Each structure stands twice: as structure tokens, then as C-alpha cells.
1. Kindly list, by first and then second residue, each pair from a residue in the stretch 217-228 that is charged (D, E, K, R) to a residue that is open to solvent by less than 40 Å² (accessible area, probe 1.4 Å) and modelled with pLDDT of 95 or more, limited to pairs with Cβ atoms under 6 Å and residues at least 6 apart or on different chains.
2. N146 fails exactly one of the following numbered conditions: (1) open to solvent by 20 Å² or more (accessible area, probe 1.4 Å); (2) over 19 Å from A217 (Cβ atoms). What is the number of that condition?
3. Tell me which strands (runs of 3 or more DSSP E) are completely within the stretch 42-94 and hold 1 or more residues being open to solvent by 30 Å² or more (accessible area, probe 1.4 Å) and in contact with a Gly (Cβ under 7 Å, 6 or more places away or on another chain), or say none if there are none.
4. Looking at the stretch 102-129, which of the residues that are charged (D, E, K, R) and farther than 24 Å from D51 by Cα is surrounded by the fewest Cβ atoms within 10 Å (Cβ to Cβ)?
5. Inspect all residues belonging to the stretch 71-82 and state whether any of them is β-branched (V, I, T) and away from the ligand (no atom under 16 Å from the Cβ).
6. When you scan the stretch 152-182, how many residues do you find that are buried (at least 24 other Cβ atoms within 10 Å of the Cβ) and touching a Ser or Thr at 6+ places or on another chain (Cβ under 6 Å)?
7. Is there any pair with a first residue in the stretch 129-143 that is within 12 Å of the ligand (Cβ to nearest atom) and a second that is of a type in the set (K, R) whose Cβ atoms are under 7 Å apart and which are 6 or more apart or on different chains, and what are they?
8. Going by what's in this entry, would I213 be described as in contact with a strand residue (DSSP E or B) (Cβ under 9 Å, 6 or more places away or on another chain), more than 16 Å from the ligand (Cβ to nearest atom), assigned to a loop (DSSP other than H, G, I, E, B) and of a type in the set (A, V, I, L, M, F, W, C)?
Amino acid sequence: MKKLVYESKFLFPTLFLILFSGCQMKRTAQKYQERYRPQYHFTPESHWMNDPNGMFFYEGEYHLFYQHYPKDIVWGPMHWGHAVSKDLLHWEQLPIALYPDSLGYIFSGSAVVDWKNTSGLGTSENPPIVALYTYHDPIGEQAQKNDFQTQGLAYSLDRGRSWKKYQNNPVLQNPGIRDFRDPKVFWHETSKHWIMSLAVQDHIAFYRSPDLIEWEALTTFGKDLGAHGGVWECPDLFPLNDQNGNEKWVLLVSINPGGPYGGSATQYFIGDFDGKTFTPQDTQIRWMDFGSDNYAGVTYSDIPASDGRKILIGWMSNWDYANQVPTETWRSAMTLPRTLSLHQTADQKFELRSAAIDEMSTILGPEQKLDPQAAITLLAQETQLYFEVAPDSDWSVTLSNAVGEFFAISQNANTIRIDRTQSSNNSFSDAFAKTLEIPLNRLKVENLTLYLDRSSIELFVNENALVSTNLIFPTQPFNQLLLKNISAGHQKQIERVWK
Ligand code: FRU
């Protein structure tokens, strides 16, 4: 009798769960099959996404939060969506982490593990994970106030699964500046303080804190330096060693509009940081990605020293057309995660390089060698293509489809040209069709790696020396490849991680 009662109590919910999860899996699988849906890049299951936020590594999991509007496929009141992954490629979608509240929408920000419990919000045995983000108050904005963006704090004591907002938010008030946002925080060991970089209209402001709660203004950087064709957003400051072990500090600053190819782009500065002031190596403008579609990229916190990598993820879109791209149930993907490195050039200057993360090799299929003289059929819409370039030649690589649409990459003297003018049905935006001219300066092109994923192509020159990230929306899949002055190459199909 007892057994029967036990069974009947649990049978119905169990059956329901099995049926429900079956439907759920089918729904997800169908969803992830849409024509333009990336198969090995992160996308939200549905609705709108922009910037990556709050990226940290803890207990074997990479957390990715993102600007999310869960009710529509255009930008709206911002939440933090959430996903976790063990390898930065296979993601598990989690419930929304932060919802708007009476102080405003939840704009971009960062998260750190507060290992020593400096905030007092956890314990040293169970360190709190602390997120700092921007509150954007739409009522203040509508009332034409200037102080509608402030910085808020939330924390988690359960491996990022649930988040509690700090009771005395905001932790940083606005001094009366309309654009005052996107806090990125790290622990600065030398000065024993938390440092926050904040985007303030046309410059970066640095703050410091002993406990992530009380913030003291330090210095500002960049009013008269760098590109200023638009507002500064989403900063990130971190140290990197070059190939000879020299440590330098990298400051990333996204800018919109005013990118080299129109709309959004990320510039960077390299210099020194003494815990208060950032001093750049020179006054040159430098871009992190020579494409149209890598914005608001920032790096992971708390990757263990034994790994030691600085891994960046960017938003693979551009504010010029992000709200109009022809996807139907969701909008936007993240870039492939990239390992950043610092490289000292012949003129004793430093430059930032980006390579696809090594984990990519775990989802690559067998190699198929290419005959560069022949017309080549692409293995799939999710493919890695690798080419060796004939020395000192003007080479080209063209992907195309049966209706004459194409995406072409070519070198002409000291320039790489990327032509996506006829890559897509461009009617969704006048800003999308474009040709990008990328100056090579002294760079000698030896090889090219391309990652095609249905609606994006990421180009890495010489593995990491130059990168160009671009969206495409061909009306039929690109299935042909035409090569000029390519000496060798191969293609590998890439695993579809969304099952
Ligand atoms: C960058 C950005 C941030 C802001 C967020 C709002 O793309 O404009 O500055 O916090 O998006 O969604």
C-alpha cells in the first residue's frame, strides 16, 4: 500500500517531466536549425542579445552573461541572460540572472570572484561572486536628466546560480554625465585594491575600492587620445606579457559609431598602469579587429594562473544594423572566444593579437586537403578553411553560391580587401553591404584561417596577427570556393554544438 502511494505521488510528475523534456529538446533542436543560426557560436535560445557581460571562471565553469531583452528580437529593457560552459564551446543556457528593478535596466558590467571576501557578502570558505553593472534609469532619461546611469552590485553565493542585489544600490552615483557605464573590475595585487574602469562619454575613468562597495575616483584617460568618432563604451584593463616576457597593460575601449568600417568597433591602447594612472606607449590609434562585427568584447576574470590565458569574447554585430539583421526568433551571436597575446614589433612598440581558442581543435572534423587549382565544394556551412598563400603574390579566396552571391577576401599590394557587398540580401539595412580595406603595414601574409558558421566568417591571418570578423546573410548557403595564388589548403567540418 505504502509503495503504491509513493509511486502514484511521483509517477505523474515523472511522466510529465519526461514528456516535457522530450518536447523541450525537440524545440531546442528545431530552433537551432534556423537558416542563419550559428552552430558553434553562442546565441541566446531566443530573443535579443548584445554585449557579453560578467564573464568569470569558477569551479570548472566559464560563465557568460549577456545583454538580453527576453520579449522581443530588438533591443529593449535590458536583463542579464546567462549560460555556462566547461570548454567555451558547448553551452548550457541558464535562467535570466538579473532583471530590471526600480533603479533601472541592467546594462553591461563585469563579475569577479571575491576570493578573500573583501566585500563581506560571503565567507572566506564560500567566496561571493560579485557583479558590478550599470543601472540605466529610463524615467530619468526621459525626463532629460543627466544622472540616469549609476553602478549597481549583485552577488551570488551558489556558483552563480542565483543573484541577490546589494541592499544599498547604487554603489557608485552619477556625477551628472549622461554616458557613465560598463564597469569592468579586477583585483590589482600591487596596490591591493579593486580597480574599476568605467566608460564616461569620451574617456575612461578609473576608480578603486578595498571592498567592491566603496569606490574612490582615481584618474581619467583618453579625452585627447585614440578614436573619437562616437561614444566610448565597455572598457577592459589587464596586463599581458609579450613574447620576451615584458609585461604591459592593455586597455580595450569600444566605440560607437566611429569604427574604421562604420558603426561599432573596438580600439585598444597599450601602456603602463601603476594602480592609479594609465600611461600609453604612444598616440597611435589601434583596432583590435579589422572587421565590421566584433563589438563590446571583454575578457574573462579568474581564469586560474595555471591556465594563464586572457580570453576575450565579443558581440558579433554592429549597432548600425544589429536590430535589423534577417534572423527571426533570436538576434545576434558572440564571436568565437579568442586568446589574446601581446607582440613586440620591430619598432619596439607593442600590439595586441587574437587567436581562436585551442579548444576549437576538439570540435574539428577530419581534414580534407584542397586542390587549389580546382573548383571546390564546401563540406558544410560550419567549416574551418585553411590556406597557405603563394609568397609575394596577390591571392584571393571567394566563397559563393548558386545564385551568384559571394564573399571575397583578397590581397592587393599592402592591403587586404574584404568584399561582402554581394554576400547577402542586403535590403534589411543600407549600412550592411560594404568593402573593407585592411592595411597590412609590414605584415607578410603566410596563411589564412577562416571559420564559417552559416551567417559569419572570422578570418585569422597567420593564426593571430590580424583578425577580421564579419556577418553574412546569403539567401542560399555558400557551397563553392574559388582560389587564386593559394599554394595549399584544407577544410574541416565543425561539430554542431547545439544538439
Ligand atoms: C554597448 C552598450 C553598452 C551598454 C549596453 C546596453 O553595446 O551600449 O554601453 O551598457 O550596450 O545594452
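1. K223/H203
2. For N146, the failing item is (2).
3. Details: elements: 47-58, 61-69, 79-85.
Here the list reads 61-69.
4. Step one: filter the stretch 102-129 for residues charged (D, E, K, R), giving 114, 116, 125.
Those left that are additionally farther than 24 Å from D51 by Cα: 116, 125.
Values: K116: 10, E125: 6.
Top of the filtered list is E125.
5. Keep residues of the stretch 71-82 that are β-branched (V, I, T), which gives 73-74.
After this cut, where a residue has to be away from the ligand (no atom under 16 Å from the Cβ) as well, the list is none.
There is no residue in the stretch 71-82 that is β-branched (V, I, T) and away from the ligand (no atom under 16 Å from the Cβ).
6. 2
7. T134/R181
8. On the way: in contact with a strand residue (DSSP E or B) (Cβ under 9 Å, 6 or more places away or on another chain): yes; more than 16 Å from the ligand (Cβ to nearest atom): yes; assigned to a loop (DSSP other than H, G, I, E, B): yes; of a type in the set (A, V, I, L, M, F, W, C): yes.
Considered against the rule, which asks whether it is in contact with a strand residue (DSSP E or B) (Cβ under 9 Å, 6 or more places away or on another chain), more than 16 Å from the ligand (Cβ to nearest atom), assigned to a loop (DSSP other than H, G, I, E, B) and of a type in the set (A, V, I, L, M, F, W, C), I213 comes out as yes.
The values are calculated or read from the model by the stated rules, or taken from the named source; none is laboratory data. What you see is a predicted model, and the numbers here were worked out from it, not measured in a lab. Quick reminder, even Gly has a Cβ in these numbers, built from the backbone with ideal geometry, and neighbours come from all protein chains shown. Surface areas here come from the heavy atoms of the whole protein model, side chains and all, with no ligands, DNA or RNA. Shrake-Rupley method; radii C 1.70, N 1.55, O 1.52, S 1.80 Å.
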